[in-house]
Structures are given as structure tokens and as C-alpha cells.
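All remarks here apply to the structure that follows.
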Amino acid sequence: MAENIKLLPKQRESNLELFRIITMILIIAHHYVVNSGLMTDEYIYSDLTSWRSMFLLLFGAWGKTGINCFMMITGYFMCKSQITLKKFVKLLAQIYFYKIIFYCIFLFTGYTPFSVSGFIKIILPVSSVEHNFTGCFLLFFLCIPFLNILIHNMNEKQHIKLIVLMGVIYIFFGTVPTLNVNMNYVSWFSVIYFIASYIRLYPKKFFENTKLWGILSLISIILSLSSVIVCSFANQKLGISVYPFSFVSDSNTFLAVSTGVTTFMFFKNMKIGHSNIINTISATTFGVLLIHANSDSMRKWLWQDFLDNTGMYNSEMLIIHAVGSVLIIFIICSLIDILRIRFIEKPFLNFWDKKFSEQ
């Protein structure tokens, strides 16, 4: 009788799915600040130590850290998974869907004039291999099978040596102010992939210590916040030309990496079981990114014209406006993507399964 019992598919735990949701909300908060015109002499830079500027700087400090969080999740799961044509087509179709939809909306409403360069950007799945997250992630996705060949044919010591080497090249040079490292996200995503895959492939007892990673997460977050405060005061009070986000300004800075890794480890060890609601919302996070950060036109319309972030800088409602805007954007974009998944993606994938067979 036991042979006739059909095993139910294992349900994915919701701890890292919750982490994915929180990370996307923090990325939207980052965009609220850096894509709105607030980072100018007229607003935040008019007085870096005012409560308004300080709130916005701390509120929007987590964008690059959030990228690391997302890639930690990707590396942790994909190092033991396979990239199939179906998965790639699903990702590509999602990207094109939102590119085309919003390009047409902005074009036909007259918000964005037609240009050959703009049209070419819509046709090409990737228009830049530098700091464009979506395009770089698409290219990185194609690299995963080859990265998996590498990590599965190394032993643990070689894996550690590779992480240390990449850490020196990217993180050390990316953190020390007098040094510099030029990179693109495709190569940086590979570095994060090596870290996340090591955690998955070589489990350690201390990897499972929730309290330890909670403390380390708190320390890293406090240091990140402190770096923004110190840099802001150094700039405003001491006249030192230093960017407020200097130590979290890019994904390969030490604090952005440490916060991404430690918070990932903390959430990985959380025991919250399976939640259909959390997992459903989590499945929309990439769609949320594709919608609200769709293009320069979207960024200008959303943050500058519609929400008028700069106009709220001197308002007593600034905090409510910032927090409310971020949460509402996440909710609306998530609902849009839920509808896309239900009425477009699922029928398309059903059609794919009927027409093509995957090995």
C-alpha cells in the first residue's frame, strides 16, 4: 500500500520569502530618495544634518544592500537547481511584458516622445551591462549553469579560497576610499553566488545559530546607519567632501555585503512555516521592481510628477508621505503582478507545457 501513496510536493518555507518582501520594500524606499531629485543642494544637501535630510538618508540607504539580499536568495536556491529553457523564457517574457506595456502607455499618452534610441531599448532585452539590475540579472541567469559546474567541481578549500580572492578584489577595493574597483553587476552577482552557494553546499553548525546571526545583523545594520550619519556630519560640519552613502553606496562595499549576508542568514534560520499569503506576495517582488523602476520615464512620472517627493521635503507630513508612498507602491505593483501571473503567465506556461517537453 505504501507504494501507492503519492507524496505531496514539499511546500517552500516562507522565511526567505518574507525576507524577499522586506528587501523589495527597502529597495523602493531607496528609489524614493535617489530617483526623485531629493539628493540635490536644494533639498537633502541644503542641510545634511537636518531631521528631514537625515530621515531621508537613513530611509533610503538600503538599495544596494537589497541587491545583495536578493542575490543571496538566488544563489542559495539556484546552486542546487537547473536552468531550463522554460525558466529563461518565463523570466524574459516577464521583462518584455512590462517593458512593452509601459513604453506604449508613456508613448501614446504623449508623456514620452518617440525616439529611435528609446525604441531600440525596448526591442533589446539588455541595453547596458553595467548597473542596470534587470539586464544584468538576465545575463547572469544564463551564467548560472556554468557557475554551477564550477562550484560543484571544486572542493571546500578551493571554494573558500575563491571567495577570499573575490573578496579582496571586489569588496576590499570597493570599500577603501582611496582605492577603486570598476565592475558590472553580472560579475558582482557571481561573487555573491559563490558566497551563497558555499552556505548551501557546506552547512556548518554555526550557520544555524539564529541568535548569532540576529546579533551580527543588528551590528551590521547599526554600523551602516552610523556610517551614513558620520559621513553626513563630516560633510556638513567639517566641510569634508564625502558622500553620505559612501560605505553603502554600492553592493560591493563591506557594510552592504555584511548586512546582506548576515540578514540572509538570520531569515534563513527563522521558523515561520509555510504561508500561502507570504509566498504569493513574494512571487511578485521581481514584478514590483520591473513596474516601479521600469524606465527613466516611469521614475520621473512616479517620483517627481505624481508623488512630488521634492515638494514634500519641507512638509510636516514628510515621514508619512515617504512610508505611505513606499508601501502603497509595493501593494499596487504586487497586485498588478498577481493579475499578470494569474491571467497571462499561467496560461502561457500551460501552453508551453503542452507544446514543448523539457528534459
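The values are calculated or read from the model by the stated rules, or taken from the named source; none is laboratory data. The model shown is predicted, which means the values in this text are computed figures rather than measured ones. Note that each Cβ is placed from the backbone with ideal geometry, even for glycine, and that neighbours are counted across all protein chains shown. Heads up: the accessible areas ignore ligands, DNA and RNA and are worked out on the full protein's heavy atoms, side chains in. Shrake-Rupley method; radii C 1.70, N 1.55, O 1.52, S 1.80 Å.
Here the simple spin-label model places points 7 Å from the Cα toward Cβ, and for Glu156 and Ile123 these points are separated by 5.3 nm.
Listed by chain and number, the aspartates and glutamates placed with their C-alpha closer than 17 angstrom to that of Lys237 are Asp41, Asp47; residues fewer than eight positions away on the same chain are left out. The fraction of all Cα pairs in the chain landing in successive 10 Å bins from 0 to the largest distance is 5, 21, 32, 27, 12, 3, 1, 0, given as whole percents.
Ordering 227-234, 61-68, 153-160 by mean Cβ neighbour count within 10 Å, with the highest value first, yields 61-68, 227-234, 153-160. Accessible surface for region 56-195, divided over its residues, is 49 Å² per residue with a 1.4 Å probe. Overall, the chain carries a charge dipole of about 1260 debye about its Cα centre when +1 sits on the Cβ of Lys and Arg and -1 on the Cβ of Asp and Glu, all other atoms neutral. Taking R0 as 22 Å, what's the FRET efficiency between Asn209 and Ile163 from their Cβ-Cβ distance, rounded to 0.05? The pair Asn209/Ile163 has a calculated efficiency of 0.65. With Cα atoms defining each centre, region 174-202 and region 21-91 are spaced 17 Å apart in the structure.
By the combined test of axial Cα extent (at least 18 Å) and Kyte-Doolittle hydropathy (mean at least 0.0), the qualifying DSSP H helices of the chain come to 15-34, 63-78, 85-108, 133-152, 185-201, 210-237, 254-269, 318-340.
Shown here for region 82-142: chymotrypsin sites (Phe, Trp or Tyr not before Pro) in loop regions (DSSP other than H, G, I, E, B) with at most 14 other Cβ atoms within 10 Å, namely Tyr111, Phe114. In percent, rounded to a whole number, the relative contact order of the chain is 30, using alpha-carbon pairs under 8 Å and six or more apart.
Note on Met317: accessible area approximately 100 square angstrom, rounded to 10, probe 1.4 Å, nucleic acids and ligands left out. When the chain is described by a simple charge dipole with +1 on each Lys and Arg Cβ and -1 on each Asp and Glu Cβ, the residue from Phe356, Leu238, Ile95 located farthest towards its positive end is Phe356.
Of all aspartates and glutamates in the structure, the ones whose alpha carbon falls short of 14 Å from that of Lys300, not counting any fewer than 8 places away in one chain, are Asp308. Please state, as a whole number in µm²/s, the translational diffusion coefficient that the Stokes-Einstein equation yields for region 204-359 at 20 °C and 1.002 mPa s, with Rh defined as the Kirkwood radius across alpha carbon pairs. Roughly 109 µm²/s, to the nearest whole number.
Counting only residues at least eight positions apart within a chain, or on another chain, the lysines with an alpha carbon under 21 Å from that of Lys90 are Lys80, Lys99, Lys121, Lys346, Lys354, Lys355. Placing R0 at 35 angstrom, the Cβ-Cβ distance between Leu201 and Leu225 gives a FRET efficiency of 0.60 after rounding to 0.05. Taking the accessible area of the chain, probe 1.4 Å, and keeping the other protein chains in place, the carbon and sulfur fraction comes to 67%.
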